[in-house]
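What follows is a short report on a single structure.
The values are calculated or read from the model by the stated rules, or taken from the named source; none is laboratory data. This is a predicted model, so every value here is computed, not measured. A quick note on method: Cβ atoms are made from the backbone with ideal geometry, for glycine too, and the neighbour counts reach across all protein chains shown.
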Amino acid sequence: MMAGRKQAVVMDRRAFLSVSALAGGGMALSLTMPGLALGAHHEDTGMLTAYVAIDSSGDVTITAKNPEIGQGVKTSLPMLIAEELDCEWSRVKVVQADFDPSRYQRQRAGGSLAIRFEWLPMRQAGAAARQMLLAAAAEASGLPAGEFSTRDGFVHHAASGRKWSYGELADAAARQPAPDLSRVRLKDPKDFRIIGKPAVGVDSERVLRGEALFGIDTNMPGMLHAVLETPPAHGGRLRSADTSAAKAARGVVAVLKLDGIGGPDAMSDCVAVIATNHWYAEQARKLLKLEWDVSAAQGHSLDAYAKEAARLHDANSGTVLRSDGDATARLAEAAKVVRARYSYPFIAHATLEPQNCTALYTDGALEMWAPTQTPERGVGMIERLLGIPADKQTLHITRIGGGFGRRLFADYMVQAAALAKAMPGKPIQMLWNRAEDTKRDFYRPGGWHSFAAGLDEDGGLIAFTDHFATFGSGGKPDRTAAMQPTHFPAGLVDDLLFTVDVMDTVIPMGPLRAPGSNALAYAFQGFLDEVAEAAGKDLPGLMLELCAEDRMIGEDVNGWGTGWAFRTSRARGVIERVLKDCGWAKRPRGGGRGLGFGFYFSHQGYFAEVADVSVEGENVKVHKVWVAADVGSHIVNPMGAEAQVTGAIIDGLAEAMGQRISFTDGVIEQQNFDTFPLGRISATPDIAISWVITDNAPSGLGEPALPPAIPALTNAIYAASGKRIRELPIQSWS
Amino acid sequence: MPEEDEFVLVVNGEERTVRASADMPLLWALRQELGLSGVKFGCGAGLCGACTVHLDGSPVRSCLLPVGDVGSSKVTTLEGLQDDPLAEKLFDAWLEIDVMQCGYCQAGQIMTAHALLADNPKPSAGEVDAAMEGNICRCGTYPRIREAIRIASGQEKA
């Protein structure tokens, strides 16, 4: 019943259900369907699959196909199935699938996409299984199917008072024809008993028991431990290596020189030290005598980039990203012009579990245990670069100690596979130390914006320009360093000009939680706060004015979460709600304390946030953050949803307060949490969340709460102290 | 193997023999010589608290403590707290409000919280923050860590 990828594309969005009997009694149901098309730019036209098994005891096993990086999908997606199956949530077991593209097609965590993609198909799968159980009861009793109902894992026949457990019916249900998915009856949302109720994460208890769940916890007899010495500067090449002292060190089994393959997202030139314990490998690594050619990174320094950006801004160069009307002419005739430059630095992902992968290569076959957000990427790269065919690779997806986008890359998988291939028959765990993890990241790129806004005599915003200096190659911004031409306030100001200049860099870039948005929200909402003040308004007032008319801006193009159509009325809904919640109209002004506002739309989520901040000298204290959020018609698991919102805000505040990756000639200057500070408990504000429920498809929560937290903070600092934050981070650590 | 390289550690109530260099941090002896995965590696510099274990009941950073310096002190990891009544209260509170997101730091958080409550059964909000300050949670579960410690300590909401 499994259809190939090619076939799927022409399948006319038909879904397939296949049903089979379970070996020990019971039914297994798998749902295969085309991916949701999201427009021409969307790369993923693959298929989605759900797998549900009901055994003869009535236990329900649901296979979680996507990696779990802490966003709770291993809990929330099975909740969707269990709701429509109408079983007890306590009878549901969730097991993690290995990587198996022939079976699961899309297995990925990222982009806040899981709920968006799976809301309907997961429910349909559950409803289909329920319908077959009903049919089995009807067949067994000879009564019409319409007389049966379900509840909590039982099929009931009201007239006779009889009931059958799902376990009793599962065998017979497996022999029923699979229903037409488009016709399965879904519950009326008012009857939901699982969706919308707080559920504890399916693996939480196992984590508290100290079970070996994470990639780093992989262990097996005879396993060796590898560390890599990599170029001191990005783009560096190994000139010569004296490994004799390292080879002779305690616990060392092998020292291997590996040539770079496939660019920085695979493996640079490096020397691996393989020992019986990570500690021995690290100690021996210090004995390596290596000479590197680091000329490729000459001049690639953060200060030099900042100077170049300023030069580009002064020259007012750039290519046009979007031009509506004649913004330049309108600025010239404006009653008042506001100008400001905003910048933000490169920052790292800093997942608490450092990058690691365990691999074993035997008889031409590779087995791997990897904490990865994108299993197919690693498998594909290993096939291409190391010549190990995908069908000779087995990949176990482990629990992941934080993703944030870092583990969308598969460099650590390629490296572990290369080591395993070089030492057949030996299981090898490659683990980076913290300094290595900080140094070999794919950073959120820094950026520089030069803004101008024109106001008419009544304080109306009549012209808006942004000149964005960013990074990429061949004049095209890197995907994670780009901004959408639909970025707010595009489409809402008649005369608007967005221009872009692209600088080359050797520093690897990548998506970090709410890519693009995590930087652009701060720059745009910070500048618009200045514009609002110049116009005699406040930022939420200006936003409501711009969004007064109900309009749809842009179209869905899947651009790292920012390429979605934006609806002004949904923005208004959350802005009005947060203003009410925080008592904005009666907010304190000056005297070292103030409220600041930020709004942002990303990943289809509409978030308005207000921060209450004290400033005393250099000290900034965030007391409270109010959040109003519109992610559609349902909050699947409120327990997980609130955790995502608070976590994203705490993340955003920490980024803004102190995070900065700097470099000179390609050498990263931060190593650990003393110079790259993460949020800590004492800096954590109270966070109050209001869900604004609207009649829209539910969307994801891994990311969209983060971006507006940063301008809410910086605008609050201005309200409290009169100091504009036009450069991040707020506190300097150098 | 020289004799000074063999250490008898008291780990979770049992004597365990470890062969290691004296300078090997306790973290790597526990994880890779004794197979205890509850203790986690985060920073290797005492900055994040993921590797927190108890030494005679006090929280220590096992990434900085050489195995040769442990001596006869009792080492307790998350695995060793499974039947401990105070730990049970913490586990129950942790699950009641589902503190964790990715979960990677949580063993260290529990170890620190356990030492706090063992020493100070009814800590104030300020005392909780002060005790937990050294444990980083990259997912930002801090509001629920505060709340779970309050629940485990049997205190009313402020």
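See the values below:
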{"quantity": "Near pairs, Cβ below 6 angstrom, 6+ apart or cross-chain, from region B:131-158 (buried (at least 20 other Cβ atoms within 10 Å of the Cβ)) to any residue that is acidic (Asp, Glu) and part of a helix (DSSP H, G or I)", "calculated": "B:Gly140/A:Asp651"}
{"quantity": "Tally, over region A:352-380, of residues that are at pLDDT 95 or above and charged (D, E, K, R)", "calculated": "3"}
{"quantity": "Pair list, Cβ under 6 Å, 6 or more apart: region B:7-32 residue over 22 Å from A:Ile216 (Cα atoms) and crowded, with 19+ Cβ neighbours inside 10 Å, other residue aliphatic (A, V, I, L, M) and at pLDDT 95 or above", "calculated": "B:Phe7/B:Val18; B:Phe7/B:Val67; B:Leu9/B:Val18; B:Leu9/B:Val70; B:Leu9/B:Val75"}
{"quantity": "Yes/no for A:Thr32 being under 23 Å from A:Gln176 (Cα atoms), crowded, with 20+ Cβ neighbours inside 10 Å and modelled with pLDDT of 60 or more", "calculated": "yes"}
{"quantity": "Qualifying residues in region A:393-451 (those that are within 14 Å of another protein chain (Cβ to nearest Cβ) and aromatic (Phe, Trp, Tyr)) - the one surrounded by the fewest Cβ atoms within 10 Å (Cβ to Cβ)", "calculated": "A:Trp432"}
{"quantity": "When residues of region A:648-659 are limited to those that are in contact (Cβ under 8 Å) with a residue 40 or more places away in the chain and under 18 Å from the mean Cα position of the chain (by Cα), the one nearest to the other protein chains (Cβ to nearest Cβ)", "calculated": "A:Asp651"}
{"quantity": "B:Thr52 more than 11 Å from chain A (Cβ to nearest Cβ), buried (at least 24 other Cβ atoms within 10 Å of the Cβ) and among the polar types (S, T, N, Q)", "calculated": "yes"}
{"quantity": "Positions within region A:362-380 being touching a Phe, Trp or Tyr at 6+ places or on another chain (Cβ under 6 Å) and either free of Cβ contacts under 8 Å to residues at least 60 places away in the same chain or of a type in the set (Ser, Thr, Tyr) (or both), in sequence order", "calculated": "none"}
{"quantity": "Flag for A:Leu419 being of a type in the set (A, V, I, L, M, F, W, C) and more than 30 Å from A:Lys392 (Cβ to Cβ)", "calculated": "no"}
{"quantity": "Selected residue (only one of A:Ala226, A:Ala245, A:Ala233 is of a type in the set (A, V, I, L, M), assigned by TED's automatic domain parsing to the domain that holds A:Glu282, surrounded by fewer than 17 Cβ atoms within 10 Å (Cβ to Cβ) and in contact (Cβ under 8 Å) with a residue 40 or more places away in the chain)", "calculated": "A:Ala245"}
{"quantity": "Hits in region A:615-631 (condition: buried (at least 23 other Cβ atoms within 10 Å of the Cβ) and in a loop (DSSP other than H, G, I, E, B))", "calculated": "A:Val631"}
{"quantity": "Top-ranked residue in region A:660-714 [being more than 30 Å from A:Arg570 (Cβ to Cβ) and aliphatic (A, V, I, L, M); ranked as farthest from the other protein chains (Cβ to nearest Cβ)]", "calculated": "A:Val667"}
{"quantity": "Pair list, Cβ under 7 Å, 6 or more apart: region A:198-214 residue at the interface with another protein chain (Cβ under 7 Å from one of its Cβ atoms), other residue of a type in the set (Ser, Thr, Tyr) and assigned to a helix (DSSP H, G or I)", "calculated": "A:Gly201/A:Thr75"}
{"quantity": "Given (1) within 12 Å of chain A (Cβ to nearest Cβ); (2) of a type in the set (S, T, N, Q); (3) over 27 Å from A:Pro67 (Cβ atoms), index of the condition B:Ser73 fails", "calculated": "(1)"}
{"quantity": "Residue list for region B:77-112, filter: outside any loop (DSSP other than H, G, I, E, B), farther than 19 Å from B:Leu27 by Cβ and either within 11 Å of chain A (Cβ to nearest Cβ) or of a type in the set (Asp, Glu) (or both)", "calculated": "B:Ala87, B:Glu88, B:Leu90, B:Phe91, B:Asp92, B:Ala93, B:Trp94, B:Leu95, B:Glu96"}
{"quantity": "Residue in region A:127-145 that is part of a loop (DSSP other than H, G, I, E, B) and in contact (Cβ under 8 Å) with a residue 12 or more places away in the chain present", "calculated": "yes"}
